[in-house]
Every structure is written in C-alpha cells, then in structure tokens.
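Note sheet for the following structure.
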Amino acid sequence: MNNIVQNNLILFCTILLNLNTSPSLAQPNSLNLITHLANTDNKPFWMKSNRWGVYQGNRVSLNFNYNSRKFNFLSLNGDIVKAGNDLQIIEGNLSLGIKNYQFVFGKIKYFHGIADHELSSGSLIQSKNAEPIPKILLKNAYPFNIKIKKIKLLINAGLSHGLIEKGDYIAQPQLHEKWANIKINNNNLSLHLGLVHNAIFGGGTNEFGLLPSSPKDFIRVFFVQNGDKNAPINENINSLGNHLGIWDLGLSLDSKNYIFTAYLQHPFEDQSGSRWLLNWQDGLYGFTIEDKSDHGFIDKINIEFLYTLNQSGSNEVSRDTYGWDDYYNHYIYLSGWTNKGRSIGTPFAVLGSNEARKHTHIENNRIKAFHLGVAGKLSSKISFKHLSSYSTNYGNFFDEDRLNKLKLDNKYSPPINQYSGMIELLINNFKKNKNISLGILFAQDIGNLYSDNSSLEISIRYHIR
C-alpha cells in the first residue's frame, strides 16, 4: 500500500501546485427553518439512517448558507438541530476561497465518488450516516483541466485533518484524510478513477496509553509507514495508525435523453485489499439511470448491490496469511470507523457488543444487500423518493470465531435477514406559499435484525430567504 499512497501523494501535490484561477464558488444566500414531527421515537432504519447523525424524535432545525458580497471568497454554512433539551450542530463551517484553493474549517458535509448521494444506500468510506467530524479541509474548488485532442481530463484532490470524538479514549485521536480522482471525458462517455485514504492515529487509550502523534509520526501516517520504538509493537511491524479507504471507479454515458452511470466502491483496510486486491469480490456495486427530458414520472433510478463477505479470507491474519479485514474495526482504536455511535461508512454496518468484544464496535460488517432508490414527481408541485433495501447480515469473522471457542451463542448464526423501506412526498408551494414546503415520510422495518416497526413523519420547511 506504501507505493500506492506515495504515488497518490505525488499526484495530489502536482494538482495543487498547478491549480489555475477559477471564478468564485459563491452560492445564493439561504436561511431555512424546518420542523419534524414523528408519531414515535423508535424510528425505522430509513427514518434515522443517512441523516448526518441527527437525534431521533421531534426536532426543529435551522440551516443557512451565507456568502459575503463584500468578500466573495468568504462563506458560512450551518445546520443546527434542537431536539428536546439537546442542541446539535450537524454542520458549521467557515470557507475561504483563494484562487482555486478552498480552505474549510469546522464540520463539513461532503461526499466522495459519483454515486447518486440522494438515492444511494451510502458510501463505504463516508456516507451521510454519522455527524461530520470537525476538521480543516483543503481542496481545489474547480477541477484542474487537461485536454489531449478530444479527450478531457478533470482532476480533483483534497487533504484534511480532524479530531475523532473522544468518547472512551483518554485523549482524542486524530484523523488524516486525502483523496484524488480523475474524470476522463471523451464525447459523451466519461471514466472516473479515484482513491480515498483515511487514517486514525495519535490520541490515547486505556490499554495502550498515549500514542505517537508528533510531526514525524504524521509523516509516517501520511506515507503509510511503520511506527518507531514508541509505537505499540504491532505498529512497529505494520503501518502506524488505523488505515482504511476505497478505490472509487465509475463509468458514465450521457445519451440524448438519459444518463447511465455504473460505479464500484472497493474497500480496503490494509495492503491485502488496497494493493493485492485479495478481497476483490467486496464492494458497493451501483447503477443509476437519470431521465434528462423532465417529462416522465420517474426522474432517477438507483440500484445497488453491497457485498462484504470475503474480507481477504476466512482465516485469521498471521505471518503467512491475510484475512479477517474486519471492516471499520481496529484493535487499538476500539470505536473503529464510527462517530457518536453511528457508522461513518455504510449505514448497513451495525454497532453492538457481545461476549467476544464487550466494548461497542461494528458487530456486523459481513453483509449482502440489495438496495433500490427511486426519485420522481407526481406533478409540478409534488415530488417523491422511495428507498427499499433487503440485507442478509453475517456478523463478523472475529466475533464468530471467539464466540465459537467460548461455546457461546452468536446471534448472527444463522445469518439475519432484514427489509427496510421508506416513501417520502414533498409538496412545494404549500397553501400557495412558495416559501413553504410540506414533507410526508413513511418508513417500515420487517425482519429479525431490527424489530418490526413503522412510523410516520411530517416536516414543514419555511424558506426565510
């Protein structure tokens, strides 16, 4: 994996050093007040997943976007939620634009890849499922353009540094993130190639104490190198920190009336998945059809298949074998790839605890799931969205092995089947007021992973300006 990330670093630096001046990113200022009312606090899966980690229950939210007219390089974004006595800042950031550089400070909502983020089940590396992590982000605001005859290359890159929630840690771990992707356009056909790399390092745990976090350690993490004598023994042998990411691939065809997009997000936790692709079967496979004509009943259809059963093999990792990639979990950073009790990656990953690992961790990361998303409109005023997901859940290799050795029951044996669905209607220009929208959402769970449940939620959005 070292060579992969080093090559990615070279590409990233080349892009940033050659970015040209582009127009301002300023968007129209907006201020919205939204009220959500539900008939129960025990919400089904698609009423609480991919909502940026908002609290359950009735709530009021205020979101805004402000762009300075005097200083067109400055913007503010926020999303503040009030539920009962709890106040939650989902998004709050300051953005500075300098030429084609964009610096963002705070909690930021953003995505990776070309999947349709409205209808997708969620990215394997960073979905809408958890509250954003506070960070400093540097990226290019507009793609860097290269043209070779009829072929256009659009390149994007980004680098961020943040702090993981302290939770049960004795000191907050740090989060390193970088990505680069290239889009190759040839007439109406485009190819997307990308790599996203994240690493948790530093901080402190009860078992290992304070962990290496010096500038030299950051360089080791950046280049995916092993730690020095101050690191835990396994970090001397392997890479310093908890590394994970995705290979992000896609192909898009823009025809006269439709846009067809196929994509693959391939996860990795170590070099067995990133370099040797021993877990090549695992990934999020997706296909989207978008109607450009704006005359039909259905605007977009998204179909996905999630498969994470392989994990580089069913044998425990050793000096001679790779296996048990144990997506989103780590032996030092026990909370794994989560923030405030929610998976940062796919929402299908379930948190829990058992006799094998009594701390809260990703208890279910071996998943086979089919997902359907549909968006369209019933009239000029009424639009709709439907999500439907059926999953088979196998737990994880580590817990299964340890529970078998302890001769204890494993709730994922046999595997658990689950269906979750939702339908949402959005009525614009409600009561002939263009500033008011009414939303009606019904969601349901049927299966053994979550209790059978259904719920109705009403939302009212008032566009103040």
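This table checks each residue for (1) more than 23 Å from S123 (Cα to Cα); (2) touching a residue at least 12 places away in the same chain (Cβ under 8 Å); (3) aromatic (F, W, Y); (4) buried (at least 21 other Cβ atoms within 10 Å of the Cβ).
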{"position": "K229", "(1), (2), (3), (4)": "yes, no, no, no"}
{"position": "I233", "(1), (2), (3), (4)": "yes, no, no, no"}
{"position": "N242", "(1), (2), (3), (4)": "no, yes, no, yes"}
{"position": "S255", "(1), (2), (3), (4)": "yes, yes, no, no"}
{"position": "W280", "(1), (2), (3), (4)": "no, yes, yes, no"}
{"position": "L284", "(1), (2), (3), (4)": "no, yes, no, yes"}
{"position": "K292", "(1), (2), (3), (4)": "yes, yes, no, no"}
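Of the numbered criteria (1) closer than 25 Å to I164 by Cβ; (2) open to solvent by 10 Å² or more (accessible area, probe 1.4 Å); (3) in contact (Cβ under 8 Å) with a residue 40 or more places away in the chain, the one K300 fails is (1).
Meeting the requirement of 2 or more residues that are out of contact with any Lys or Arg (no Cβ under 7 Å at 6 or more places or on another chain) and β-branched (V, I, T), no strands (runs of 3 or more DSSP E) wholly within the range 227-291 can be named.
Does I133 qualify as being β-branched (V, I, T), open to solvent by less than 30 Å² (accessible area, probe 1.4 Å) and assigned to a loop (DSSP other than H, G, I, E, B)? Yes; evaluated as a whole, the condition is true for this residue. Number of residues in the range 354-387 that are in a loop (DSSP other than H, G, I, E, B) and either in contact with a strand residue (DSSP E or B) (Cβ under 7 Å, 6 or more places away or on another chain) or surrounded by 21 or more Cβ atoms within 10 Å (Cβ to Cβ) (or both) equals 6.
Could you list, in sequence order, the residues of the range 340-352 that are open to solvent by 10 Å² or more (accessible area, probe 1.4 Å) and either of a type in the set (A, V, I, L, M, F, W, C) or not in a loop (DSSP other than H, G, I, E, B) (or both)? Answer for the range 340-352, where residues must be open to solvent by 10 Å² or more (accessible area, probe 1.4 Å) and either of a type in the set (A, V, I, L, M, F, W, C) or not in a loop (DSSP other than H, G, I, E, B) (or both): R342, I344, F348, V350, L351, G352.
Residues that are part of a loop (DSSP other than H, G, I, E, B), open to solvent by less than 40 Å² (accessible area, probe 1.4 Å), touching a residue at least 40 places away in the same chain (Cβ under 8 Å) and among the hydroxyl-bearing types (S, T, Y) do occur in the range 306-318. Selection of the range 413-432 for residues being over 30 Å from S380 (Cβ atoms) and in a loop (DSSP other than H, G, I, E, B) yields S413, P414, P415. The set of residues from the range 337-373 being more than 24 Å from M47 (Cα to Cα) and of a type outside the set (D, E) comprises N354, A356, R357, K358, H359.
For the range 170-197, a residue qualifies if it is within 16 Å of H330 (Cα to Cα) and surrounded by fewer than 19 Cβ atoms within 10 Å (Cβ to Cβ), and exactly one does: Q172. So for the range 263-274 (the condition being open to solvent by 10 Å² or more (accessible area, probe 1.4 Å), touching a residue at least 60 places away in the same chain (Cβ under 8 Å), farther than 27 Å from I382 by Cβ and of a type in the set (G, A, S)), does at least one residue qualify? No, the conditions are met nowhere in the range 263-274.
Screening the candidates I200, I125 for the property of being under 27 Å from H371 (Cβ atoms), in contact with a strand residue (DSSP E or B) (Cβ under 6 Å, 6 or more places away or on another chain) and crowded, with 17+ Cβ neighbours inside 10 Å yields one hit, I125. Of the residues making up the range 440-452, those that are of a type in the set (S, T, N, Q) and either assigned to a loop (DSSP other than H, G, I, E, B) or open to solvent by less than 30 Å² (accessible area, probe 1.4 Å) (or both) are N448, S451.
The values are calculated or read from the model by the stated rules, or taken from the named source; none is laboratory data. Just so you know, these numbers come straight off a predicted model, no measurement behind them. Cβ coordinates were reconstructed from backbone atoms using ideal geometry, including for glycine residues, and neighbour counts include every protein chain displayed. Surface areas here come from the heavy atoms of the whole protein model, side chains and all, with no ligands, DNA or RNA. Shrake-Rupley method; radii C 1.70, N 1.55, O 1.52, S 1.80 Å.
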